[in-house]
């Protein structure tokens, strides 16, 4: 499945990376260091899944974080980690809603 093709109508996305939980790069769009980002995001999502299991929270669905230079919405789609990067001035809640709609969640 081409996951990033589902996100083409989410105009706020500057670049995106899809990896599996092992950190293997599956897809990328507009990112020159996609392999590193995929590896870090895969590892991070797997670690947070472990924390969620230990705390009884269940599996990770989404992480959103903002920095000065950019913000990132990380969404789990089955066993795939979808990391989308947006401008920090953009409403993350609005982008999260658009991503969920595009991924039909």
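The table that follows gives values for the structure above.
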read-out: Test: residue in the range 65-78 that is in a strand (DSSP E or B) and exposed (fewer than 14 other Cβ atoms within 10 Å of the Cβ); value: yes
read-out: Candidates 63, 3, 48, 86 - the one that is without any contact (Cβ under 8 Å) to a residue 60 or more places away in the chain and under 13 Å from the mean Cα position of the chain (by Cα); value: 63
read-out: Filter result for residue 57 (in contact with a helix residue (DSSP H, G or I) (Cβ under 9 Å, 6 or more places away or on another chain), more than 21 Å from residue 98 (Cα to Cα), exposed (fewer than 13 other Cβ atoms within 10 Å of the Cβ) and without any contact (Cβ under 8 Å) to a residue 24 or more places away in the chain); value: yes
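Values quoted throughout were computed directly from the atomic coordinates according to the rules given, and no laboratory measurement underlies them. Only a predicted model underlies this, so the values are computations on that prediction, with no experimental measurement involved. No Cβ is skipped: glycine too gets one built from the backbone with ideal geometry, and neighbour counts run over all protein chains shown.
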